[in-house]
Amino acid sequence: MDIIIVDNLKRIFKSKNNEFVALKGINFSVKEGEIFGLLGPNGAGKTTTIKILTTMLAPSEGNAKILGFDTFKDSKKVREYINFVFGGERSLYWRLSARDNLAYFADLYKIPRKKQSELIESLIQRVGLSEFIDKRVENFSKGMKQRLQIARSLLNNPKIIFLDEPSIGLDPVGAMELRELIKQLAKDGVTILLTTHYMPEAEELCDRIAIIKKGEIVALDNVVGLQNLVSYERKEEIKAKKAREQEERNKKNLEITLEDIYIELLGEK
Ligand SMILES: Nc1ncnc2c1ncn2[C@@H]1O[C@H](COP(=O)(O)OP(=O)(O)OP(=O)(O)O)[C@@H](O)[C@H]1O
Ligand SMILES: [Mg+2]
């Protein structure tokens with residue numbers, strides 16, 4: 001089932017004497033349970049798309065539907081089913097503990113106080129922060145803050161979570177833990193729309209990927225399908241280059257990557 005349907009979505013930003021078309025009428029849909037990636041250069045329109053899908057921005061033309069509800073006309077209904085995390089966002093209260101942060105947001109979601117403590121504890125456990133539940137967020141690493149944001153985003157038991165560059169600024173271990181968490185959420189049946197500039201992350205996580213450039217979708221497929229957009233000749237050239245790089249690595253006795261080593265040395269698990 002298509003849980004997100006984006007139909008000819010266009011967004012124009014107008015200022016006094018100019019107009020900028022950030023989205024030129026894009027189309028795509030996301031299936032329930034998918035991890036869907038939205039990739040593309042800075043300024044391509046990824047955040048604009050997410051802002052429209054999360055009801056924060058109105059489309060100029062076209063529409064987006066979530067579970068059949070229009071993100072603009074039925075925004076209240078849409079908000080019941082979704083949540084989002086923006087990378088580098090500071091929506092947590094640094095002077096409060098993890099528990100108190102979630103309690104604050106639980107109040108905003110009008111979750112009855114009686115139900116809150118059990119829910120908060122289970123969400124904090126789900127993102128691996130039980131040990132730190134009563135510690136102040138200001139002492140959390142960026143990775144821990146990002147996992148707490150995800151716990152915050154699960155408060156309303158959303159069917160879809162939008163993650164806009166969730167791994168930005170995270171160290172390799174923090175980023176790996178975040179990827180594991182995202183995979184677990186998908187296993188639990190949450191549909192995820194993700195943007196990232198880190199290709200290995202998209203390759204590892206995404207079932208399908210849309211590539212967006214200057215407000216237009218230029219490709220949409222799974223990683224294997226996208227690979228087929230590259231010509232046989234170019235693929236052979238790229239493979240040859242990779243083989244040469246591997247040879248260089250072998251000469252230096254580099255059996256595993258620096259990222260592998262980093263995670264081994266610094267990861268806690
Ligand atoms: N409120 C706004 N007013 C005017 N222009 C805007 C506004 N919001 C976004 N834009 C422009 O629309 C374009 C798309 O921006 P958007 O933030 O969607 O890009 P992005 O793909 O998320 O890029 P990045 O990878 O850097 O996050 C950019 O050129 C941006 O300057
Ligand atoms: Mg962006």
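The values are calculated or read from the model by the stated rules, or taken from the named source; none is laboratory data. The structure presented is a predicted model; accordingly, all values stated were derived computationally and were not measured. Quick reminder, even Gly has a Cβ in these numbers, built from the backbone with ideal geometry, and neighbours come from all protein chains shown. Side chains are part of the model used for accessible areas, which takes the heavy atoms of the whole protein and leaves out ligands, DNA and RNA. Shrake-Rupley method; radii C 1.70, N 1.55, O 1.52, S 1.80 Å.
Data for the structure
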quantity: Residue match in segment 249-260 (condition: in contact (Cβ under 8 Å) with a residue 24 or more places away in the chain and surrounded by 10 or more Cβ atoms within 10 Å (Cβ to Cβ)); calculated: yes
quantity: Residue among ALA219, ALA243, ALA210 that alone is modelled with pLDDT of 90 or more and either surrounded by fewer than 11 Cβ atoms within 10 Å (Cβ to Cβ) or in a helix (DSSP H, G or I) (or both); calculated: ALA243
quantity: Residues being of a type in the set (A, V, I, L, M, F, W, C), open to solvent by 60 Å² or more (accessible area, probe 1.4 Å) and at pLDDT 95 or above - total across segment 70-95; calculated: 1
quantity: Count of residues meeting criterion [under 16 Å from ILE161 (Cα atoms), open to solvent by less than 10 Å² (accessible area, probe 1.4 Å) and either at pLDDT below 95 or within 11 Å of ligand 1 (Cβ to nearest atom) (or both)] in segment 17-53; calculated: 4
quantity: Scan of segment 46-67 for residues that are farther than 14 Å from ILE26 by Cα and either more than 16 Å from ligand 2 (Cβ to nearest atom) or among the polar types (S, T, N, Q) (or both), ordered by number; calculated: THR54, THR55, ALA58, ILE66, LEU67
quantity: Which numbered condition PHE13 fails, given (1) surrounded by 14 or more Cβ atoms within 10 Å (Cβ to Cβ); (2) within 13 Å of ligand 1 (Cβ to nearest atom); calculated: (1)
quantity: Residue list for segment 54-88, filter: within 12 Å of ligand 1 (Cβ to nearest atom) and either under 17 Å from ALA202 (Cβ atoms) or in a helix (DSSP H, G or I) (or both); calculated: GLY87
quantity: Matching residues in segment 126-158 - criterion: being surrounded by fewer than 16 Cβ atoms within 10 Å (Cβ to Cβ), out of contact with any Asp or Glu (no Cβ under 8 Å at 6 or more places or on another chain) and assigned to a helix (DSSP H, G or I); calculated: GLU131, GLU138, ASN139
